[in-house]
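These notes concern the structure reproduced below.
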Amino acid sequence: MKTVARLSNPIRDYAWGSTEAIARLQRRPVPTATPEAELWMGAHPRASSSVEVDGSWRSLWDLLQREPEPILGSRVVGAFGGRLPFLFKVLAAARPLSIQAHPDARQAREGFARENARGVPLSAPDRNYSDDNHKPELICALTPFTALRGFRSIDAIHLRFDALAPRSLAPEIQALRSQLDARGLQRFFESLLKLEGRRRQEVLAEAVARAGAAGDADPELVWVRRLQAEIPHDIGVLAPLLLNLVELSPGEAMFLPAGELHAYLAGTGIELMANSDNVLRGGLTQKHVDVDELLKILRFTGGPPPVLRPLERAPFERVYPTPAAEFELALIRLHEREVYESAAERAVEIALCTEGEARITDLGTHSVCELASGESALVPAAVAAYRIEGPATLYRASVPVAGTRQR
């Protein structure tokens, strides 16, 4: 295919999803019958988008198996093979997601090969690595968005736990006090994850009770109580004492590199990531938790995380800077009679309209693709140039020109 084409995208109905957010974006009635958690735009084998071609819908995954180069471009095919290197999502969290981290490229390759050699089925619930790719990701807030991301400073962690669980965690707190460095934090975190039975319940009960007595002035302690109400008896309830609480305003973003512990708590956002599903969980979940494997990939550095704001690159276009080779997120905002012209050098792109109505014109074929809020389009690399007219707001996922080099 060689022209701009509309996409039809699958919705994943995980239990933590919203019955309103994605439906409102797509101008559908609310509430929906089941929670809608993620809208996937891309060519993941588990849930591929479909592309409108000559009046019929065809799987983007299947199209890439047949004709990767016109869609991806020769540079992307050379760097990443015949697969789309990114997965583009709308994420709508009405309830907290699990605490998790993702492996780097080497860890993913080795872990995937190791589990294959052991004969672990890809569908096994206790499998850690579902593919051989890493999963750096970017989350950009569409609404106020709350997350936990990265360990707090070690001193702050020590002070928090000393205030909230001085009796039940006395030995572990003393051990951390005697080694206030990355190794001490790793041992402290491991001891928390491996608490079991009555001891775990004593720690949670003491911390939650003290958090409740503190009132509502401290947002981290408010989240301790909220997590206990949502997922009682899970050690992840204590995550706000360990991790930085981040409040993103609409338009702000965070980049999550490999090994960075995080959890999304509430809100709707644009998520863009390498095309992988490798997740190692540490709490707030009923799914498989492999503590020892998680500890191998985590980064035990502390401090506040950076918040990203987009930088202007061209008229009407702003870009979120990240080191990712697989993806780049751009924000295109147009008022009446404003026109965005595509860059001369580009590869495959997916554009999502989040406000207004956009008109995308392929300047080679002069075909037109019109998008309303919640609708998206694939712009193949074979499209030499295009223009967008509004008024509209669009988020565009692409492969950065520098990212097409071989990893």
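Relative contact order, whole percent, for segment 247-404 stands at 23, derived from Cα pairs under 8 Å and 6 or more residues apart. PRE reach from residue 214 (point 7 Å along Cα→Cβ): which of segment 237-254 fall under 18 Å by backbone N? Backbone N within reach: 237-247. Residue ranges 129-142, 360-373 sort as 129-142, 360-373 when ordered by packing (mean number of other C-beta atoms within 10 Å per residue, highest first). 3J(HN,Hα) couplings calculated from phi for segment 308-321 with the Karplus curve 6.51 cos²θ - 1.76 cosθ + 1.60 (θ = phi - 60°) are, in sequence order, 9, 10, x, 10, 5, 10, 8, x, 6, 10, 10, 10, 8, x Hz; Gly and Pro show x.
FRET efficiency for the residue 355 to residue 33 pair, using the beta carbon distance and R₀ = 25 Å, is estimated at 0.45.
When you restrict to C-alpha pairs under 8 Å that are six or more residues apart and normalise by the size of segment 153-243, the relative contact order lands at 27 percent. Assuming charge only on the beta carbon of Lys and Arg (+1) and of Asp and Glu (-1), the dipole of segment 153-243 about its Cα centre is about 240 debye to the nearest 20. The relative contact order of the chain, computed from alpha carbon pairs under 8 Å that lie at least 6 residues apart in sequence, is 23 percent. Hey, of [x] 22.4; [y] 23.8; [z] 23.0, which did the structure itself give for Kirkwood radius over Cα pairs in Å when calculated? Checking each listed value against the structure points to [x].
Our helix-only sum for the chain, with -39,500 (n - 2.57) per DSSP H run of n ≥ 4 divided by its residues, gives a mean residue ellipticity at 222 nm of -7500 deg cm²/dmol.
Note on residue 202 and residue 132: their simple-model spin labels are 4.8 nm apart, each label 7 Å out from Cα toward Cβ. Set the Förster distance to 35 Å, then compute FRET efficiency between residue 177 and residue 26 from the Cβ-Cβ distance, nearest 0.05. With R0 = 35 Å, the Cβ-Cβ based efficiency is 0.10. Taking every lysine pair in the chain that is 8 or more places apart or spans two chains, those with Cα atoms closer than 18 Å amount to 4. Under a 5 Å amide H cut-off, with hydrogens placed 1.01 Å from N, residue 44 pairs with 49 among residues at least 5 apart or on other chains.
What you get for segment 311-404, charging only the Cβ of Lys and Arg (+1) and of Asp and Glu (-1), is a dipole of about 140 debye around the Cα centre. Annotation: amide H-H contacts under 5 Å for residue 243 (H modelled 1.01 Å from N, sequence separation of 5 or more, or interchain): 152. Projecting the Cα atoms of 23, 321, 395 onto the dipole axis of the chain, where Lys and Arg carry +1 and Asp and Glu carry -1 at the beta carbon, places 321 farthest toward the positive end.
No lab work stands behind these numbers, since they all come straight from the coordinates. Note that the structure is a prediction, hence the values are computed from the model and not measured. Cβ: placed from backbone, ideal geometry, glycine included. Neighbour counts: every protein chain shown.
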